[in-house]
Amino acid sequence: MGSFVSELRRRNVVRAAAFYAASGWLLVQVATQVFPLFNVPNWALRWIVIAAVLGFPFVMAFAWFYELTPHGLKRESEIDPADSITHRTGKKLDRWIIAIMAVAIVLLVTNQFVLRKEDKAASVSPEVPEKSIAVLPFTDLSPGHDQEYFSDGMAEELLNALAKLKDLKVAGRTSSFSFKGKNDDLRTIGKALSVAHILEGSLRKQGDKVRITAQLIQVSDGFHLWSETYDGDTSDVFTLQEHIARAIADKLEVVLKGDPAQRIVPIDTTNPEAHALYMQATAIFNRREGAHFADAIAQLEQAVKLDPKYARAHARLAAIEAIAPTYMIIDPVASVAGAEEHARIASELDPGLAEPYGALGQSLSIRRHFLEARTAFERAQELDPDDSTSAFWFAAQLIMTGYRDQGNALIDRLLAVDPMLPTALLWRGVSFVYAGDMTNGERLLKRAADANLVFAGLGLSFVADARNDKAEAIKQLASSFKVLDTTLPKEAPEILASGILGDAASRTAALDMVHRYVDTHPKVIPGVIIYSLIRMDESAEALALVKGGLTSNDAVFLSLLWSPYGRGVRALPEFPEFTRTIGFADVWDKYGAPDDCRRIAPGNYACQ
C-alpha cells in the first residue's frame, strides 16, 4: 500500500487531483456569481458540477499514464525521471494549487457573506401565504379566435368567486391580467404577485357549446396539483365556474366565507345573450377604452333589456356611466344621473353587491356631493373590501378632500393585493413625489407606464422636471392632457404644458389661450384648464372657474390642492369660502379636519 501511494506521488497523480479539485471549485464559484447576471438557468450550473465529478476519474487516469516535461507531454514510461515535472516544476504546481484555492475561498466568502446579504436586503418581500392564488386570463381556443372577451370574462368571474373563499389570498385582476400574452415563467409570475398557486386555462366556444380546461399549478416547483376539462353550453357557464371553484377550494382546503353550503359562483342571469353582452362591455370597461365606451353602454343597456333583473349588468352600467365624462364627450349631468339610477336598481336587486355603491359614490363625487359620496364608498367597503374599483375611487376621494394620509394608506392596501393596478400606482407615485421621495415616486410611476396607463405622464413629468429635462417633462404632461380631456382644441395640450414648465413667453401664450377658450363660455370647463391655472400660479382665477360649475374632471386638480403646488391656493383669503361652496367643509365637520387644515368653527377651517 505504501509503495502505491509513493507511486501516486511520483507520478504527480496527487498533485493533479488537488489541481483539478481546486480548479473545479474555482469554476463553480465563478459560475455561481456570474450566471445570475446573465439570467443563466440553474440547470447549467448543475451540469457543470456533474461534468466536473464525471471528469475526475478520467483526469486521474490521464495523470497516471502521462506527465508534463520541459519537452512537452509524454507517456510516463518513456521519460527519464530526471525530466519529470516532479523535480523541475513540482513546487511551481503546488503554488498554483494554493493560489487557485485562495481565489476560490475569497469568492466563496464574498458570495456567502456579502452578495447574499445584499441580495436579501434588496429583495425583502412579504412572505407568500400557502393559501394564495392568481388567476391568469384564459386562452381563447375558439375556431375564430373571436371569443377573447368570453375567455377573459370567465377567468375574471372565477377570480371574483375565489376571492369569497375564507383565508384565501387572491391576486388582483389587473395584476394577474398584466401577464396576458406573455410567456413569463410561472415562478416569475408567482414571485411578482406573491402567490403560491396559479390557475390557468383555456376556453373553446363554438356556437352554444363551451369547453373549459383549467389547471392548478404550484408555483414553487411547477407541479400540476389539479387539471380538469368541462363541457357544457352557454347556459351552463355559472355551473361550470362553480365546479372549477369548488375543485380549487377542495384542493387548497379553503371554504366559503359564511355558509360552506352556499354557492361560490352565483347565478346572475339565466339569459346567455345578456351575459355575453355584459362580458363584452366589461372588457371595454377594464381597459378604460374611452373610444368604445358608447358601445359598452349600448351593450349593457341591451343586457338589462333582455334581463331587467340582471343586477351586475345594472351595476356595471352605473360604473361606466359614472366615469364616462372623463373618457368621452358626454353630458356629465345626464351621465351621472344615469349612473345613480342604475346603481339604485342594482342595489335593490342585490343588496350584497359593492359595485353599485362604488359607482354611486363616484357619481356623487363628480357632482361634488362629497359627504354623501363618502357614505356610499364606506358602504361599498363594508360589503366587499376587495372590490378594487370602488376602493380606488374611495382612496381618490379621500385625497381630493384633503385626507391625504388616509387615501395613501388605502392605496397601499390596494397595491398589496393588486400590485400592478395602474391608476393606484400613478396616484401613489405622485404622492411620493409631492412628499419629496423621488426614488419611490419614480419607481411606481414607471410601473404605471409599464402597465400601459396612457396618462402616466402626469406623474412622470415631475420626474423629468426634477432632472431639469424640460423637453421631456413638457412631452409627458402634454401627452396626458390629450387623454384626460378630449374637449380641448388639438394644440391646447402642448401649449398648456409649455406654459406650466416653459419660459415666461410660453406662460403668457398659455394664459392667452385659456382666456380665449373661457370667453367662448363652454358648458363644461376642462379639468386640465384648472390644473394648468393652479400650476401657473393663477389660483384665484382657477377657484372662480371651479365655483362657476362642473368641470370635465375634478380629480385632476382637486388632488393638486393638497400638494406643494396647492399652497398658493390654500393661502388665498377666499379659500375658506371655497371649501364651504364645494362641499369640503361638510365632510370635515363630520370626519374631522384634513391633514393641512385646522377647525376654527363648524364650517370654518384654516388651511396651510
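Quick check on this structure: which one of Ser220, Ser202, Ser227 is free of Cβ contacts under 8 Å to residues at least 40 places away in the same chain, of a type in the set (S, T, N, Q) and part of a strand (DSSP E or B)?
Ser227
Going residue by residue through segment 543-562, is there one that turns out to be part of a loop (DSSP other than H, G, I, E, B), more than 21 Å from Met400 (Cα to Cα) and of a type in the set (A, V, I, L, M, F, W, C)?
no
Scan segment 204-225 residue by residue and report those that are more than 25 Å from Gln147 (Cα to Cα) and either modelled with pLDDT of 90 or more or surrounded by 12 or more Cβ atoms within 10 Å (Cβ to Cβ) (or both).
Selection gives Gln218, Val219, Ser220, Gly222, Leu225.
Give me a count of the residues in segment 564-608 that are among the acidic types (Asp, Glu), within 19 Å of Ala542 (Cβ to Cβ) and crowded, with 16+ Cβ neighbours inside 10 Å.
Counting residues in segment 564-608 that are among the acidic types (Asp, Glu), within 19 Å of Ala542 (Cβ to Cβ) and crowded, with 16+ Cβ neighbours inside 10 Å gives 1.
So is Glu289 of a type in the set (Asp, Glu) and touching a Phe, Trp or Tyr at 6+ places or on another chain (Cβ under 9 Å) or not?
Against the criterion (of a type in the set (Asp, Glu) and touching a Phe, Trp or Tyr at 6+ places or on another chain (Cβ under 9 Å)), Glu289 qualifies.
For segment 300-342, how many residues meet the condition of being modelled with pLDDT of 90 or more and under 28 Å from the mean Cα position of the chain (by Cα)?
13
Could you tell me whether Arg404 is among the basic types (Lys, Arg), touching an Asp or Glu at 6+ places or on another chain (Cβ under 6 Å) and within 29 Å of Val569 (Cα to Cα)?
So Arg404 passes the test.
I'm trying to understand the selection: among the residues of segment 490-512, which are charged (D, E, K, R) and assigned to a helix (DSSP H, G or I)?
Glu494, Arg507, Asp512
Identify all residues within segment 390-420 that are under 26 Å from Asp350 (Cβ atoms) and at pLDDT 90 or above; write none if there are none.
Correct list: Ser390, Ala391, Phe392, Trp393, Phe394, Ala395, Ala396, Gln397, Leu410, Arg413, Leu414.
Would you confirm whether any residue within segment 467-489 is assigned to a helix (DSSP H, G or I), over 20 Å from Glu541 (Cα atoms) and hydroxyl-bearing (Ser, Thr, Tyr)?
yes
Among the residues of segment 267-294 satisfying the criterion of being in contact with a helix residue (DSSP H, G or I) (Cβ under 6 Å, 6 or more places away or on another chain) and among the aliphatic types (A, V, I, L, M), which is farthest from Gln241 (Cα to Cα)?
So, considering only residues that are in contact with a helix residue (DSSP H, G or I) (Cβ under 6 Å, 6 or more places away or on another chain) and among the aliphatic types (A, V, I, L, M), the one farthest from Gln241 (Cα to Cα) is Ile284.
Mind checking which residues of segment 358-388 are under 16 Å from Arg344 (Cα atoms) and in contact with a Ser or Thr (Cβ under 6 Å, 6 or more places away or on another chain)?
Gly358, Ala373, Ala380, listed by residue number.
Which condition number in (1) more than 16 Å from Ala409 (Cα to Cα); (2) surrounded by 21 or more Cβ atoms within 10 Å (Cβ to Cβ); (3) hydroxyl-bearing (Ser, Thr, Tyr) is the one that Ser431 fails?
Looking at each condition in turn, Ser431 falls short on (1).
What tally of residues in segment 170-199 results from selecting those that are part of a loop (DSSP other than H, G, I, E, B) and surrounded by fewer than 22 Cβ atoms within 10 Å (Cβ to Cβ)?
The qualifying residues number 9.
Scanning segment 580-608 for residues that are among the polar types (S, T, N, Q) and outside any loop (DSSP other than H, G, I, E, B), which turns out nearest to Thr401 (Cα to Cα)?
Thr581
Give all pairs with beta carbons closer than 9 Å in which a residue from segment 517-531 that is farther than 13 Å from Ala492 by Cα meets a residue that is of a type in the set (Asp, Glu) and surrounded by fewer than 15 Cβ atoms within 10 Å (Cβ to Cβ); count only pairs at least 6 apart in sequence or on separate chains.
Lys523/Asp331; Val524/Asp331
Go through segment 164-191 and give me each residue that's in contact with a strand residue (DSSP E or B) (Cβ under 9 Å, 6 or more places away or on another chain), at pLDDT below 85 and within 20 Å of Phe285 (Cβ to Cβ).
Correct list: empty.
Say we look at segment 352-370 and pick out the residues that are surrounded by fewer than 20 Cβ atoms within 10 Å (Cβ to Cβ) and either under 30 Å from the mean Cα position of the chain (by Cα) or among the basic types (Lys, Arg) (or both); which of these is farthest from Phe584 (Cα to Cα)?
Applying the filter and picking the extreme gives Gly352.
Kindly indicate whether any position in segment 239-259 is of a type in the set (Asp, Glu), in contact (Cβ under 8 Å) with a residue 24 or more places away in the chain and under 30 Å from Tyr327 (Cβ atoms).
No, segment 239-259 has no match at all.
Select, from Leu410, Leu425, Leu453, Leu414, the only residue that is assigned by TED's automatic domain parsing to the domain that holds Ala380 and under 14 Å from Ser175 (Cα atoms).
The conditions single out Leu414.
Can you tell me which residues in segment 301-326 are part of a helix (DSSP H, G or I), under 20 Å from Asn160 (Cα atoms) and not β-branched (Val, Ile, Thr)?
Of everything in segment 301-326, those that are part of a helix (DSSP H, G or I), under 20 Å from Asn160 (Cα atoms) and not β-branched (Val, Ile, Thr) turn out to be Ala311, Arg312, Ala313, His314, Ala315, Arg316, Leu317, Ala318, Ala319.
Which of the residues belonging to segment 223-254 are of a type in the set (S, T, N, Q) and within 15 Å of Ile267 (Cα to Cα)?
Thr234, Ser235, Thr239, Gln241, listed by residue number.
Just checking, how many residues over segment 580-602 are more than 20 Å from Arg567 (Cβ to Cβ) and touching a residue at least 40 places away in the same chain (Cβ under 8 Å)?
The total comes to 5.
In this structure, is Val237 assigned by TED's automatic domain parsing to the domain that holds His145, part of a strand (DSSP E or B), among the aliphatic types (A, V, I, L, M) and closer than 21 Å to Asp146 by Cβ?
In short, no.
Can you confirm whether Val483 is of a type outside the set (Ser, Thr, Tyr) and surrounded by fewer than 21 Cβ atoms within 10 Å (Cβ to Cβ)?
Yes.
Exactly one of (1) in contact with a Ser or Thr (Cβ under 9 Å, 6 or more places away or on another chain); (2) farther than 30 Å from Leu488 by Cβ is unmet by Arg599. Its number?
(1)
Looking at this structure, is Asp519 acidic (Asp, Glu) and modelled with pLDDT of 95 or more?
no
Quick check: anything in segment 520-543 surrounded by fewer than 24 Cβ atoms within 10 Å (Cβ to Cβ), among the polar types (S, T, N, Q), outside the structural domain of His369 (by TED's automatic domain parsing) and more than 23 Å from Val430 (Cα to Cα)?
yes
The values are calculated or read from the model by the stated rules, or taken from the named source; none is laboratory data. All values reported here derive from a predicted model rather than from experimental measurement. No Cβ is skipped: glycine too gets one built from the backbone with ideal geometry, and neighbour counts run over all protein chains shown.
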